[in-house]
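Worksheet for the structure shown next.
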Amino acid sequence: MDQLFNRKYIVQGLFIVIALILLGKLFYIQIISDAAFVSAESNVLRKIYKYPARGAILDRHMKVIVQNEPVYDLMVTPNEVKPFDTLALAKALDITVDEVRKNLKKARGKSTYQSTPFLKQISVQSYARLQEMLYRFPGFRTQDRTIRHYPDSVGGQLFGYVKEVDSADIAKSEGFYRPGDYKGKSGIERSYEEILRGEKGVINTVYDAHNTPQGSYADGKYDINAVSGERLISGIDMRIQKLGEELMNNKVGAIVAIEPSSGEVLAFVSSPGYDPNLLVGRSQGNNYMSLIGNPYKPSMVRPIQGRYPPGSSFKPIDALLGLQEGVIDVNTTFNCPGYYMAGNHKVKCEHVDGNISMRRGIARSCNTYFCYVFQKLITRNGMKNQRQTYQDWRDKIAKFGFGQTLDIDLPFEKAGYFYNSDHYDKIYNKRWGYTTVISQAIGQGEITATPLQIANAMAVIANRGYYIKPHLIRAMGDKIKKEYVEKNYVGVDAKYFEPVIDGMQDCVNTSWGTAILSRIPDVVLCGKTGTVQNPHGKNHSVFIGFAPRDNPKIAIAVIVENAGYGSTYAAPIASYMIEKYLKGNISGARASQVEWMKNQNLLPVLKDKTKGIKLTKTDSLSIKKIDSAKRAKDSLRIKSATIKQTVAIKPREFKAIIDDKPVSNK
Amino acid sequence: MQQQQGNRFFFNVDWITVLIYIALCAIGFTNIYASIYNPDKAGVFDFTSSYGKQLIYIITGLILGLSILLFDGRLFNVFSPFIYGGTLVLLLAVLVIGNKVAGNQAWISIGSFKLQPAEFAKFGTALLLARYVGTFNPKFRDLKSILIAALIVGAPLVLIMLQPDTGSALVFLSFMFPLYREGLSGYFLLIFLGMIVLFVADFLVPTYILIIIIVSIAALFIYTNRRKQKIIFSTILVTAFAIGYLFLIKVAYEKVLAPHQRSRIELMLGLKTDNRGAGYNVIQSQIAIGSGQATGRGFLEGTQTKYGYVPEQSTDFIFSTIGEEWGFLGCSVVIGLYIFLLLRLINLAERQRSTFSRVYGYCVACILFFHVFINIGMTIGIIPVIGIPLPLISYGGSSLWSFTILLFIFLKLDSNRMGFF
């Protein structure tokens, strides 16, 4: 009997063991793991997001240049949908009955009990029609949000575009973005995304097991109101931005205008441009593909991504450095027989001027003069030390902003090429000298710069020795970034600038200058033309300048690709921009010249490199500025034949643009 | 003496057990109230609601229990065959005149009141088993006594299986423990345990691997005991039985179990996930319990409870309310109360002088234990869904009264423990 009595302990022990097993599992699911807690919250909580309005952008005269328009997403909760008149809904939305069915099926695939988009960004008209009969479509509701609108229909590359986030954005943001959110993908929209986007609002609603709303969660304690994005004030002057884009119509190139005293960018033209409204709304995707496929590459942001040899516009900088280093003085003359001999290599000059001074050399863009200056600069420490002296020269030029990005407030800025001496050491095995790199004296050869860098160098001259980092946005609310007040000195004394500026003034304002046709009445424009040799085709037309001479208000760089002489196109375009900016309008005979210029078609001929056959020039680049009312329907119209040909031609080059990644210099 | 005479009926009653009983009933009422709480229609004494009804069941249950204490304890011994017979008749009757609810023919309607005979069959069986052991004092060494005990337990079990009510039928396996206490070989428990282990293992591991494992263990066992012929013989027998059983499971699983039972088992073993269908209940129950965390969300504050995410929450899944609103702390208290009650019942049983009382006490403890273990295990996903109530806490009159009767008969027997009969 005693033996059996002990079995009591086995039975009791079993009870205790089982109790401990139960407690162990409870301990795990209640205390160690919080999976159940999270699931419980997601059971009862539904978050409804309120989308904030993106911040507006104003130009320097406080004119709104980027604003918002209300649009409506039609949302559907599939398991609340009852049989409805599909035809009526399709009619109200301007879509087909099949699309209604397709969209409903798609929504069902995402979630049956959660509200998912049925049709995004329906028009105001559709919305108005729908509001009256929405009661006939249970399970549907509208969600209002805003999309961008660009009233002036210019500045496509400048403003960039906003697009629904993709899965990569969501992953990168570590949960900040959710499907359905929008994000700036390029241009100002991208670089100021964090300021423009505002804060999303959330309304937490409790739902029971039958998916019936049971009111707000914790009396709205965790609800958040949407906060609109902050307003940005840009330095852009929309009047000249618009004029610039019109002047560059049917031309390829860029204009950058900077206010020298502040570094604010006044105009930022990339041509061919496009209407930024094309990349808003439902036809965004199609329009984007058309832009990408366009042979003239409108998706390229030429002012910061186009790399051009600076050409003759580099000569004033040569002169400044020569003066600073003491290898020339104001009165130094060189003899120009129409060429310069660099060893046994001949650098041609356009003129035969005989003995020529610096002032006249700049005004007449004498290649010979500046080859001599370069020769003196590089050999000033003896022939043996040319390589080191070249590096010293290179570093001093770089202070003007060449060979490096200027950190403008836009994404994907490129630096341009400007090689250090070890680059040549590698190529020439350390056996090289000024004659090897003589083309750099006149801004040709291996040096390239972006239009922004060239305009910035002009701002340095206008400021007599320093620049402020060029930037597009001057203020966010009241905040001005500190780096935008700091003066970057280039190491050339102010006194050396006046003689150089004399030459630039003569260039425009005397009978022997190269840009005399671009004189502006009552304004002293100082400038320099450039005719940049282009290994791929016709020369680029370049003009740099600033005005007025005293207390300059605007510094500008204009590049028109494949347009020939700088004086023919780039210089007049710059003069119209400056006159418009300084005076508000272009007067007299020049007004009709502006119209003439707008109508010039300088688009380069498209070549099929693989076959070596010249294709005919397209008669017009039909990236029309489309009336904003029409734009929802219209897509970018480019002759389909052109697209087919050219896409086939240069896939590699297009890829670089599509990638949207800054390409490094090396 | 005079005073003792006045308290004759309640003399020697173990009031601690009564207190735990009342505490568990109160916990039940509170949580049933929370489970079906509706802020628009609050009121503790709304007798059309479940908690109102439960309050009536508790009060009548208490009256029932106290009136049991008025009986002479000997009556239960004497009448046990009739009580057992009566419950068998009810079990037969329910198969004929019972109402089908959710596929189970388990209820007999008497007016507006519904009776569940399976609940009462438990104490009928317990009484007769106690009477058999108490009268004949078998040591379960011979086949005859084992068969008689199996018959007493098996008859109601088979009738319940016919309803079919697998949950209640499983509870009858708890009678193995009293028999074990009275001398049934421990091997029966081990074999039973082995069968469960093999059943589970058969789902998780391919059958041939299981056979290899069994055979190698057997071979090792035979090798170490190679001089003892009897052991070698029984080992071979057990091995053959185990392998046969493995194949039997496969067939039985497909043929005997209903599809919903199969999916419950597969869900529990993690072989299948179905959060919207068959697995919904268990998943939601675990979410509710887990979200209670250490101290719970507070009374009437559980969102899963309040917004009806756990089906059957006031009956079989009442533990999820406790878990959500009272947290790990509340769960520990409830489990602690049960374990305290169970251990106390065993101790009380052991102090009985009569075998009848002792066996009956063990039966009560073990029936309660099975209910608690299976019910809580089911709500936290370590046991497949088996629809049996949590004793004294789940909503329902039949269940509450049958546990009350079960428990108070034992308390009466215990108060008479010094007597001879």
Listed by chain and number, the residues whose amide H is under 5 Å from that of A:Ile122, excluding neighbours fewer than 5 places away on the same chain and using placed H, are A:Tyr72, A:Asp73, A:Leu74
The answer for trypsin sites (Lys or Arg not before Pro) in segment B:215-249 that fall in a DSSP coil and have at most 13 neighbouring Cβ atoms within 10 Å is B:Arg226, B:Arg227, B:Lys228
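Let me check I've understood the local charge: for B:Arg358, count other residues with C-beta under 13 angstrom from its C-beta, Lys and Arg +1, Asp and Glu -1. What total comes out?
Residues close to B:Arg358 contribute a combined charge of +4.
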Taking the alpha-carbon centre of each part, the distance from segment A:23-49 to segment A:357-398 in Å is 74 Å
Helix A:386-398 sits off the longest principal axis of the Cα atoms of chain A, rounded to the nearest 10 on a 0 to 90 degree scale, by 60 degrees
For A:Val252, the residues 5 or more places away or on another chain with a placed amide H closer than 5 Å to its own amide H are A:Glu561
For segment B:289-381, listing trypsin sites (Lys or Arg not before Pro) in a DSSP loop whose Cβ sees at most 14 other Cβ atoms within 10 Å gives B:Arg351, B:Arg353
In debye to the nearest 20, the charge dipole size for segment A:46-234, taken about the Cα centre with +1 at each Lys and Arg Cβ and -1 at each Asp and Glu Cβ, equals 320 debye
Among A:Ile408, A:Ser567, A:Thr368, the residue whose Cα sits farthest towards the positive end of the charge dipole of the protein assembly as shown (+1 at Cβ of Lys and Arg, -1 at Cβ of Asp and Glu, taken about the Cα centre) is A:Thr368
Phi angles of segment A:32-44, converted by Karplus (6.51 cos²θ - 1.76 cosθ + 1.60, θ = phi - 60°) into ³J(HN,Hα) in whole Hz with x for Gly and Pro, give 6, 8, 10, 4, 5, 4, 4, 5, 5, 4, 6, 4, 9
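Mean residue ellipticity at 222 nm from the helices of chain B, using -39,500 (n - 2.57) per DSSP H segment of n ≥ 4 over the full residue count, to the nearest 500 deg cm²/dmol?
After summing the helix terms and dividing by residue count, I get -23000 deg cm²/dmol.
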Given a Förster distance of 45 Å, the FRET efficiency implied by the Cβ-Cβ spacing of B:Ala294 and B:Asn38, rounded to the nearest 0.05, works out to 0.95
Quick shape check on chain B: root eigenvalues a ≥ b ≥ c of the Cα gyration tensor, a/c under 1.5 is rounded, otherwise prolate if a/b tops b/c, else oblate, and it reads oblate
Once the dipole of the protein assembly as shown is set up from charges on Cβ (+1 Lys and Arg, -1 Asp and Glu), the residue from the list A:Pro310, A:His423, A:His345 lying farthest towards its positive end is A:His345
Relative to chain A, whose Cα atoms define the longest principal axis, helix A:284-293 and its Cα axis are tilted in degrees, nearest 10, by 30 degrees
For chain A, percent of DSSP beta bridges that are antiparallel (nearest 5) comes out at 95 percent
Under 20 Å by backbone N from the virtual spin label 7 Å along Cα-to-Cβ at A:Lys346, the residues of segment A:529-547 are A:533-534
Restricting to Cα pairs under 8 Å and 6 or more apart, the percent relative contact order of chain B works out to 26 percent
In this structure, among A:Lys481/A:Lys583; A:Lys414/A:Lys469; A:Lys91/A:Lys120; A:Lys487/A:Lys553, pairs with alpha-carbon gaps over 24 Å are A:Lys481/A:Lys583
Magnitude of the Cβ-charge dipole (Lys and Arg +1, Asp and Glu -1) of the protein assembly as shown about the Cα centre, nearest 20 debye, reported as 2380 debye
HN-Hα couplings for segment A:354-359 via Karplus (6.51, -1.76, 1.60; θ = phi - 60°), in whole Hz with x for Gly/Pro, come out as x, 6, 10, 8, 5, 4
In degrees rounded to 10, the 0-90 angle between helix A:124-133 Cα long axis and the longest Cα principal axis of chain A is 10 degrees
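Taking R0 as 51 Å, what's the FRET efficiency between B:Thr224 and B:Asn347 from their Cβ-Cβ distance, rounded to 0.05?
Values: r = 39 Å, r/R0 = 0.77.
For R0 = 51 Å, the calculated efficiency reads 0.85.
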Inter-part gap, Cα centre of segment A:525-578 to Cα centre of segment B:250-264, in whole angstrom, is 87 Å
Calculated from DSSP helices alone, with each H run of at least 4 adding -39500 (n - 2.57) and the total divided by the residues of chain A, [θ]222 nm to the nearest 500 comes to -10000 deg cm²/dmol
Result: in chain B the number of Lys pairs with C-alpha under 17 Å apart, spaced 8 or more or on different chains, is 4
Note on segment A:303-598: contact order normalised by length, alpha-carbon pairs under 8 Å, 6 or more apart, percent, works out to 19 percent
With a Förster distance of 25 angstrom and the Cβ-Cβ distance between A:Glu498 and A:Asn585, calculated FRET efficiency to the nearest 0.05 equals 0.20
Calc'd 3J(HN,Hα), segment A:317-326, phi into Karplus 6.51 cos²θ - 1.76 cosθ + 1.60 (θ = phi - 60°), Hz, glycine/Pro = x, comes to 5, 4, 4, 4, 5, x, 5, 5, 7, x
Whole-Å distance linking the alpha carbon centroid of segment A:490-505 with that of segment A:54-115 is 60 Å
By the DSSP-based rule, helices of chain B that are at least 20 Å long along the axis (C-alpha) and have a mean Kyte score of at least 0.5 are B:15-35, B:50-70, B:74-97, B:117-136, B:143-161, B:186-204, B:207-224, B:229-255, B:318-350, B:355-379, B:397-415
Toy charge model, Lys and Arg Cβ at +1, Asp and Glu Cβ at -1: segment A:303-598 dipole around Cα centroid in debye, rounded to 20, equals 240 debye
Charge dipole of chain A built from unit charges on the beta carbon (Lys, Arg +1; Asp, Glu -1), centred at mean Cα; most positive-end Cα among A:Thr77, A:Met597, A:Gly155 is A:Met597
Expressed as a whole-number percentage, the relative contact order of chain A with C-alpha contacts under 8 angstrom and at least six residues apart is 14 percent
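Where a number appears in this text, it was derived from the coordinates with a stated rule and is not lab data. This one's a predicted model, so the numbers in the text were calculated from it and none came from an experiment. Every residue, glycine among them, receives a Cβ derived from its backbone with ideal geometry; neighbour counts consider all protein chains shown.
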